[in-house]
Amino acid sequence: MASSQKAFVIELDNSNTGFQRLLPGEPRTCGMKSGRVYLEPGKECGLHSTKENEEFLVFLTGNGELLIEENEKFEVGVGKISYIPPQTEHNVKNTGSEPLIYIYCVARAKE
């Protein structure tokens with residue numbers, strides 16, 4: 001089955017902004033969404049839920065903490081990735097002394 005979507009390339013924004021949308025979802029993709037997050041030291045993205053989606057994080061710079069459901073913590077940072085399953089509340093905090101930059105990819109989980 002042929003897809004109506006087309007391949008494309010997006011250049012990452014290196015201007016130290018907080019957020020850059022990369023993949024906006026339909027109609028540009030089949031539903032996958034993605035963005036680049038820039039967190040200054042001491043900042044966090046805020047507690048939120050994956051809802052019906054699964055999420056993949058790729059850490060490009062810095063060090064931080066991934067908080068899952070307010071009771072589980074993982075160290076994250078450059079050279080690490082993380083997977084967050086559907087229906088999971090989570091937050092990412094920059095605990096380092098330099099910016100924490102990561103890419104997130106979100107896609108609807110199979111039912």
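Could you tell me which of rounded, prolate or oblate describes the chain, using a ≥ b ≥ c as the square roots of the eigenvalues of the alpha-carbon gyration tensor, with rounded for a/c under 1.5 and, failing that, prolate when a/b is larger than b/c and oblate otherwise? The shape class here is oblate. Per-residue 3J(HN,Hα) values for the range 31-44, derived from phi via the Karplus relation 6.51 cos²θ - 1.76 cosθ + 1.60 with θ = phi - 60°, read x, 5, 10, 7, x, 10, 10, 10, 10, 5, x, x, 8, 9 Hz in sequence order (x marks Gly and Pro).
Amide H to amide H distances under 5 Å link LEU23 with SER34, GLY35, where only residues 5 or more positions off or on other chains count and H is placed in the peptide plane. Distances between placed amide hydrogens fall under 5 Å for ASN53 paired with GLN87, ALA109, all partners being 5 or more residues away or on another chain. Our coupling estimate for the range 10-24, obtained by passing each phi through the Karplus curve with A = 6.51, B = -1.76, C = 1.60 and θ = phi - 60°, is 10, 8, 5, 7, 10, 8, 6, 8, x, 8, 9, 5, 10, 10, x Hz, Gly and Pro reported as x. Karplus-derived 3J(HN,Hα) values for the range 56-70, using 6.51 cos²θ - 1.76 cosθ + 1.60 with θ = phi - 60°, are 10, 10, 10, 8, 9, 8, x, 9, x, 9, 9, 9, 10, 6, 6 Hz; glycine and proline are entered as x.
For LYS43, the amide hydrogen comes within under 5 Å of the amide hydrogens of ASN94, counting only partners 5 or more places away or on other chains and with H modelled in the peptide plane.
FYI, it's all coordinate maths here, none of it is from the lab. Keep in mind that this is a model prediction, so the values were computed, not measured.
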